[in-house]
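Peer 1: First the structure, which I've put down as structure tokens, then a few questions once you've had a look.
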Ligand code: GLU
């Protein structure tokens, strides 16, 4: 690419990061890093009614946790600031006056009641509901008079009529639209705040954005934006609209069918690497017939390209996320996993100051974890003071003659040890087998039930080591 790539993530702060926003932020980040360009964060906070305290800090924090960083923005600074739109109001006013002067925009004075009535009549007549452009008919004097009288006004875009507005989207291809159905969009509201469209176009231009990568839901705004670029005489950045994220039933990803806030996923103990990997595959793939599923951030940066962004909706499958997270947990560096897991041990009765023990526990149970918040369920066997049978039927197994023989013999052998380790446990069981003649399932099953209360679970020698000699012996003897 000839010029330096400059992309931006331009969220309106809502207090949490939506999965869809994360995907947009990630794709922009990957694109910027792939081309050695700049990733810019711009906060689109001109809708003062939607302001949420702490939202921006939270947003930046969550993205950073996931490894998505910015070269310019509210925290990083940069030469194109301020990066909060609410601090750029004068800029929007200035450029909007320019449009007025050049005849690309005009004042309109309709009250919300009048606009409501307009819409109602259009609906009655089965027409497209849009501003009927009546403000264009006011004479200069009428406008002056109304302004002087202090009547509330907005500034609207004067859409050139009877034209085809065309643009080439890097994902969706060429899109054409008849300008007659493009609304005379409000650019500046009566309170002096810009609308999304005005501020977005001005900022993308002034911030030198070369590529706009964002969700498909914004594609309907593009014709208005193209007309604005044209009116200003500015070059239109390249655009890539990435497909919607869908629920499994193909409806738009919604709160009702599961979590949509990235923070919720992090809180539940999805690892950042797994989340990033999973999100990257929502709408992007490495190539036709390329079955690879696992990508670290560096792989994604190397391989990401807009050409491989798909056009159809990307289905968010929570089972796949769980599978992927479990795969990451299984392979994760154990020390790091231990650090990350500590908060999830709270309330389990397991003393986390004994890191070595926590580490051992995690290593034993991690194959079963889809996410870290499942830890408490899996560590009950290590903290309990008395084994609870998972189901009553298991008692019969424990009461069998051969079971009692094996349990008794093992208890005796463990009692003689100084310290119980997984290896010593294995040898003790081998001796029990040789001495009692009980073997196979008839041996392993009752021992597992006696020690854990359940028929299946992690490796028994590891469990025994974690329980330690005293507890293991006590648990075994209880059934005799
Ligand atoms: N502020 C818009 C949002 O909340 C930005 C859309 C765009 O990227 O143009 O997503």
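Throughout, read-outs are computed from the coordinates displayed, never taken from laboratory work. From a predicted model like this one, the values you see are computed outputs, not experimental measurements. Because the Cβ atoms are built from the backbone with ideal geometry, glycine has one as well, and the counts that use them run over all protein chains shown.
Peer 1: By how many degrees, 0 to 90 and rounded to 10, does the Cα axis of helix 355-365 deviate from the longest principal axis of the chain?
Peer 2: Roughly 90 degrees, rounded to the nearest 10.
Peer 1: Further, regarding this structure: So, in Å, what gap is there between the alpha-carbon centers of the stretch 140-215 and the stretch 290-333?
Peer 2: 37
Peer 1: Per residue of the chain, what 222 nm ellipticity follows from adding -39500 (n - 2.57) for every DSSP H run with n ≥ 4, rounded to the nearest 500?
Peer 2: -13500 deg cm²/dmol
Peer 1: Counting other C-beta atoms within 10 Å, which of 474, 214, 302 has the fewest, and how do the rest follow? Provide the component values of the computation, followed by the final result.
Peer 2: Values: 474 15, 214 23, 302 12.
Listed from fewest to most nearby Cβ atoms, that is 302, 474, 214.
Peer 1: At a 10 Å Cβ-Cβ cut-off, how would you order 284, 218, 479, fewest neighbours first?
Peer 2: Starting with the residue having the fewest Cβ neighbours, the order is 218, 479, 284.
Peer 1: Please state the relative contact order of the chain as a whole percent: Cα pairs under 8 Å, 6+ residues apart?
Peer 2: Details: 685 pairs, mean separation 59.2, N = 480.
This gives 12 percent for the chain.
Peer 1: Rounded, prolate or oblate: which one fits the stretch 26-101, using the alpha carbon gyration tensor with axes a ≥ b ≥ c (rounded when a/c is under 1.5, else prolate when a/b beats b/c, else oblate)? Present the calculation step by step, with values, prior to reporting the outcome.
Peer 2: Numbers: a/c = 2.65, a/b = 1.46, b/c = 1.82.
Oblate, since a/c reaches 1.5 and b/c is not below a/b.
Peer 1: Assign one of three labels to the stretch 113-225, namely rounded, prolate or oblate, based on the Cα gyration tensor with a ≥ b ≥ c the square roots of its eigenvalues; rounded applies when a/c is under 1.5, prolate when it is not and a/b is larger than b/c, and oblate otherwise.
Peer 2: oblate
Peer 1: So for the pair residue 444, residue 385, with labels modelled 7 Å out along Cα→Cβ, what separation do we get in nm?
Peer 2: Going from the residue 444 label point to the residue 385 one covers 3.3 nm.
Peer 1: Within the chain, what percent of beta bridges assigned by DSSP are antiparallel, to the nearest 5?
Peer 2: Antiparallel bridges make up about 55 percent of those DSSP assigns within the chain.
Peer 1: According to the Cα gyration tensor, what semi-axes, each the square root of 5 times an eigenvalue, does the equivalent ellipsoid of the stretch 173-294 have, listed from largest to smallest in whole Å?
Peer 2: Value: 33, 19, 16 Å, ordered largest first.
Peer 1: Here is a further query. Taking the simple approach of a point 7 Å from Cα along Cα-to-Cβ for both residue 12 and residue 191, what is their distance in nm?
Peer 2: 1.2
Peer 1: Decide, for the chain, between rounded, prolate and oblate: order the square roots of the alpha carbon gyration tensor eigenvalues as a ≥ b ≥ c, take rounded if a/c falls under 1.5, and otherwise choose prolate if a/b is larger than b/c, else oblate.
Peer 2: Note, shape of the chain comes out prolate.
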